[in-house]
Structure formats: C-alpha cells, structure tokens
1. Being under 18 Å from I139 (Cα atoms) and free of Cβ contacts under 8 Å to residues at least 60 places away in the same chain is the filter here, so list the residues in segment 94-117 that pass it.
2. Mind telling me which of the residues L94, L68, L88 ends up being on the phi < 0 side of the Ramachandran plot, loosely packed, with under 15 Cβ neighbours inside 10 Å and at pLDDT below 95?
3. Can you spot a residue in segment 125-139 that is in a strand (DSSP E or B), crowded, with 18+ Cβ neighbours inside 10 Å and touching a Gly at 6+ places or on another chain (Cβ under 7 Å)?
4. What tally of residues in segment 147-202 results from selecting those that are within 17 Å of V82 (Cα to Cα), charged (D, E, K, R) and modelled with pLDDT of 95 or more?
5. For the condition surrounded by 19 or more Cβ atoms within 10 Å (Cβ to Cβ), without any contact (Cβ under 8 Å) to a residue 60 or more places away in the chain and within 17 Å of V188 (Cα to Cα), what is the one hit in V63, V121?
6. State yes or no: is R112 more than 19 Å from E187 (Cβ to Cβ), of a type in the set (D, E, K, R) and touching an Asp or Glu at 6+ places or on another chain (Cβ under 7 Å)?
7. Please go through segment 141-160 and give me each residue that is more than 23 Å from E116 (Cβ to Cβ) and either surrounded by 11 or more Cβ atoms within 10 Å (Cβ to Cβ) or touching a residue at least 24 places away in the same chain (Cβ under 8 Å) (or both), ordered by number.
8. Among the candidates V134, V120, V99, which residue alone is at pLDDT below 95, closer than 22 Å to W160 by Cβ, of a type in the set (A, V, I, L, M, F, W, C) and assigned by TED's automatic domain parsing to the domain that holds A192?
Amino acid sequence: MFTGIVEEVGRVVSKAELADAVRLQIRGPVVTSDASPGDSIAVNGVCLTVVDVLPDGEFTTDVMAETLSRSALRDVDHRPEVNLERALTLGGRLGGHLVQGHVDGTGQVVARTPSEHWEVVRIALPAGLARYVVEKGSIAVDGVSLTVSAVGTHPVGQDWFEVSLIPTTLGQTTLSRVPVGGRVNVEVDVTAKYVERLLAAK
C-alpha cells in the first residue's frame, strides 16, 4: 500500500528483455537507502518488487508482459524518468490517499492549461473508469495522489477528468514533463470499486 506522495524522481538506466517480461534497472538513492530484495516500490504508480539492490542507489525489478501492456511503463524508452515511492509503513503519515499500486489503466493527456501559480491538466479516461471518478475525489496519476478538479465528457463521447497541479507537484514529480498525447497510469479510488461490488451483490 502507498500514499501517492512521491519521494523522488528516479531514472530507468537500463532495460533487459526477458522471455515474458523486462528487467528494469532504476536509479533512486532515496528509495534504495533502506531497501532489501522483496520490498515493494511504486514506479509511476505500479507496485513492483525489488529483485536486487545495487551500488550507487540503484535497484532492479521485473515487469511482467501483462503489466507492460496495461500500464505506461511500456513508454520508459522515451520517458525514462519515473516517480518513486516506498511502501507505507504502519504508523506512517498518510499524506495523500490509499493507493494500491494496481493500475486500472492508462489515460492520455489531452490538454495542459498553464496559469501563474498552477497548471490544469485534462486526461482522457480509459473506458469503464468514469463512474469511479468524482469531482473533489482522489485519483492517482503516475503514482501521484491528486484531487479531481473537474470531470466531463467530450462531444465525441470520451470521458475525461482534470487535475490542478501546484508548483510543488510540478517541480517534484514527472507530471510536468508529460506532453499532450502522452500516456499516464491511472488508479481510481479503490473505495468506489468496493462499494459498487457490495451493492451489486444485493
């Protein structure tokens, strides 16, 4: 479990192709400072397991083919910088919201509107997720806990949501560098999915 509060921006320094997966080597001196093999680290919001901890603040992790197909980690060749967060410890501060690291799908940035103190980013939602996203609710985008500032549907039927990024978020995460057209990992608030499931059972 994570909180969506990014600890550092790391960098994928190498990618090795395996039979049905890839092995990423990632530089992240903060998250590796107390890491051990088997620990969980969120990489752009995807919960991954540490395989080895290497010198110079680097670690390796394996990403299954299914995870690559369902997440924006398949774009690391073009966007090697990644948001990193260690798993939440009992007694730790929950600064964002409860994030599982189980990405629901990839959204696409369709507009960026800068202003003097923040930037509004509009993201097209993957099919079937709009019902879980509400204005003023929580959502994780590339592992960053954010508040939904608006929701809507494009005239052609594409659902979208907007988030307002403050200077701290722009400066300390990768979200300032995702271009229009770029893909991002989206994880909706798990509470909504549990409520839907419980109501359906009745």
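The values are calculated or read from the model by the stated rules, or taken from the named source; none is laboratory data. Values in this document were obtained by computation on a predicted structure and should not be read as measured data. Don't worry about glycine lacking a Cβ; one is built from the backbone with ideal geometry, like all the others, and counts go over all protein chains shown.
1. None - no residue of segment 94-117 is under 18 Å from I139 (Cα atoms) and free of Cβ contacts under 8 Å to residues at least 60 places away in the same chain, so the list stays empty.
2. L94
3. No, every residue in segment 125-139 fails to be in a strand (DSSP E or B), crowded, with 18+ Cβ neighbours inside 10 Å and touching a Gly at 6+ places or on another chain (Cβ under 7 Å).
4. Of the residues in segment 147-202, 2 are within 17 Å of V82 (Cα to Cα), charged (D, E, K, R) and modelled with pLDDT of 95 or more.
5. V121 is the lone residue from the list that is surrounded by 19 or more Cβ atoms within 10 Å (Cβ to Cβ), without any contact (Cβ under 8 Å) to a residue 60 or more places away in the chain and within 17 Å of V188 (Cα to Cα).
6. So R112 fits the description; yes.
7. Within segment 141-160, D142, G143, S145, V151, G152, T153, H154, Q158, D159, W160 meet the criteria.
8. V134
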